[in-house]
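> This is the structure I have questions about; it appears just below.
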Amino acid sequence: MGWIALLILLCSGAVAWRWLVQVEKEIRSEIETGSSATPETESDQPVRSVPVDVATGTLAEKIVDVIRQNPGVLQKELYARLSGYDRRQVQKELLDLDHSGKICRARSGSTYKLTLTV
């Protein structure tokens, strides 16, 4: 009887592992293609409305301007402000700005709080 339970446990573990591998492949393909199926939700914190013109200035300049006007803005709120840009583009630019020391990204729940380092 114990062998049957062990066999069932091993089979269910193998099925779960294969499912996780498939999910990982899907996530990696989404990252490579730059698409995201995750909808963004509104934050509880009020954010001043900052119109961002996609046609003028670089993405980095726009990001810095939004952070300057809204110190402590959350990264997921920044995506909504820069809706004319791909989310992956914004993420890459934020990482570059963080590594260069121009902004600071501090973990805040499932997102990051953004501030200028000046």
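The values are calculated or read from the model by the stated rules, or taken from the named source; none is laboratory data. Worth saying up front: this structure is predicted, and the values here are computed from it rather than measured. Because the Cβ atoms are built from the backbone with ideal geometry, glycine has one as well, and the counts that use them run over all protein chains shown. SASA here: full protein model, heavy atoms, side chains in, ligands and nucleic acids out. Shrake-Rupley method; radii C 1.70, N 1.55, O 1.52, S 1.80 Å.
> Collect the residues in the stretch 72-84 that are open to solvent by 40 Å² or more (accessible area, probe 1.4 Å) and free of Cβ contacts under 8 Å to residues at least 40 places away in the same chain, keeping them in residue-number order.
Answer for the stretch 72-84, where residues must be open to solvent by 40 Å² or more (accessible area, probe 1.4 Å) and free of Cβ contacts under 8 Å to residues at least 40 places away in the same chain: 76, 81, 83, 84.
> I would also like to ask the following. Can you find even one residue in the stretch 39-56 that is open to solvent by 70 Å² or more (accessible area, probe 1.4 Å), within 26 Å of residue 100 (Cβ to Cβ), outside any helix (DSSP H, G or I) and modelled with pLDDT of 90 or more?
no
> If you check every pair at least six apart or on different chains, which have Cβ atoms under 8 Å apart with a residue in the stretch 100-116 that is within 13 Å of residue 64 (Cα to Cα) and among the polar types (S, T, N, Q) first and a residue that is outside any strand (DSSP E or B) and open to solvent by less than 70 Å² (accessible area, probe 1.4 Å) second?
The qualifying pairs are 115/67; 115/72.
> Determine whether the stretch 3-21 contains at least one residue that is under 30 Å from residue 116 (Cβ atoms) and either modelled with pLDDT of 70 or more or exposed (fewer than 13 other Cβ atoms within 10 Å of the Cβ) (or both).
There is no residue in the stretch 3-21 that is under 30 Å from residue 116 (Cβ atoms) and either modelled with pLDDT of 70 or more or exposed (fewer than 13 other Cβ atoms within 10 Å of the Cβ) (or both).
> Those residues that are assigned to a loop (DSSP other than H, G, I, E, B) and touching a Leu at 6+ places or on another chain (Cβ under 7 Å), I need them from the stretch 85-101; list them, please.
85
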